[in-house]
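Please read the structure below before turning to the comments.
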Amino acid sequence: MAEYTHNSVSVVVLGHMNPAILNHDWLVQQRIIPKKFFVQSAQSDSPFIQFLSTPPMAQLVYGEIVFTVEMGKFILKAKQPTVKADAFNVAKRYFEKLPHTPLVKVGFNVSGIVKFDSKQEEKSFDKKCVSCGDSLLTLINKPDIEIGFTVQYQEGEGCYRLDCTKERKARKAYLNCNCEFDVTTSTRLIEILAEGNKYARKMDKLNRSIAKI
C-alpha cells in the first residue's frame with residue numbers, strides 16, 4: 001500500500017519587506033516565537049541553529065522553524081510531522097507587529113511524499129494520475145525522466161495549485177499543494193493567517209487523496 005508522509009508547511013507573504021528587522025532578540029522581545037523552538041542549551045550555547053543577515057536577505061533557523069526574509073518576500077517554513085503547525089500563529093504575530101508593511105499576496109504550501117511499495121502500485125498511481133507517463137517515456141527514450149502533473153483552480157478568494165513530480169527509479173512522488181490570496185491590508189492578512197490551519201488541512205486532505213490508489 002502506498003505510504004504518504006507529510007513533509008512541511010510554509011507561509012509565504014509577498015510585499016515590501018525589511019530583512020534587517022529579522023533577528024532572534026527582536027522575535028523574543030515581541031513574543032513572536034515560542035521558546036519551545038529554541039535549541040536546547042545542552043546542545044548549543046545559541047538558541048538558534050543558524051543566522052544569516054545581508055542587505056538583500058536574512059535567514060534565521062531554529063530546530064523546526066526557518067525564517068527567510070527577502071526584500072520582496074517573507075517565508076516561514078515548519079518541518080513538523082503534521083499540518084497543524086505553529087507557523088500560522090508565528091507568522092500572524094510577526095505581521096501584527098509590522099502593520100504598515102506593503103502587501104501583495106499570502107500563500108500556504110503543504111508538501112509530502114508518496115512512497116510506492118511495488119512497481120504495480122506505481123503503475124496504478126500513474127494510471128490514476130499520470131496516464132501519459134509511459135507514452136512520454138517511449139517518446140523521449142530516456143529511462144531517467146521525471147514525470148508529473150499540475151492542477152490549478154479557483155475556490156472562493158483562494159487560488160489552489162497542486163504539483164506532482166515523480167521519480168521513476170526511486171518509486172516516489174513528491175506532492176506540493178499551494179493556495180494563495182491577494183492581500184493589500186494587514187487586517188486581511190491577519191484574518192487569512194488566523195485560518196491557516198483550515199487551509200492546510202484542506203490541502204493535506206487533497207494530497208492524501210491523490211496518494212490513495
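Data for the structure
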item	result
Fewest-first ranking of Val69, Val151, Val110, using other Cβ atoms within 10 Å as the exposure measure	Val151, Val69, Val110
Cβ-defined net charge surrounding Met17, 14 Å radius [Lys, Arg +1; Asp, Glu -1]	+2
Exposure proxy order (Cβ contacts within 10 Å, fewest to most) of Ser209, Ser186	Ser209, Ser186
Electrostatic dipole magnitude of segment 3-211 [Cβ: Lys, Arg +1; Asp, Glu -1; Cα centre; debye, to 20]	360 debye
Order of His24, His6, His100, His16 - criterion: other Cβ atoms within 10 Å of each residue's Cβ, fewest first	His100, His16, His24, His6
Cβ-defined net charge surrounding Val104, 15 Å radius [Lys, Arg +1; Asp, Glu -1]	-1
Distance between segment 1-74 and segment 151-213 - C-alpha centres, whole angstrom	21 Å
Over segment 35-121, relative contact order from alpha-carbon pairs under 8 Å, at least 6 apart, %	14 percent
Percentage relative contact order, segment 3-211, counting C-alpha pairs under 8 Å, at least six apart	25 percent
5 angstrom amide H check on Arg168, placed H, neighbours 5+ away	Ile147
Using θ = phi - 60° and Karplus 6.51 cos²θ - 1.76 cosθ + 1.60, couplings along segment 71-87 (whole Hz; Gly, Pro as x)	4, x, 8, 10, 10, 10, 10, 10, 8, 10, x, 10, 6, 6, 8, 7, 4
FRET efficiency for Lys35 and Lys105, using Cβ-Cβ distance with R0 set to 35 Å, rounded to 0.05	0.70
Share of Cα-Cα pairs in segment 65-213 lying beyond 20 Å, as whole percent	55 percent
Neighbour net charge for Lys79 - beta-carbon separation under 14 angstrom, K R +1, D E -1	0
Long-range HN-HN contacts of Phe48 with modeled amide H, under 5 Å	Val39
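Only the coordinates and a few stated rules stand behind these numbers; no lab work does. On a predicted model such as this, the values are computed, not experimentally measured, just so you know. Every residue, glycine as well, gets a Cβ built from its backbone with ideal geometry; the counts of neighbours run over all protein chains shown.
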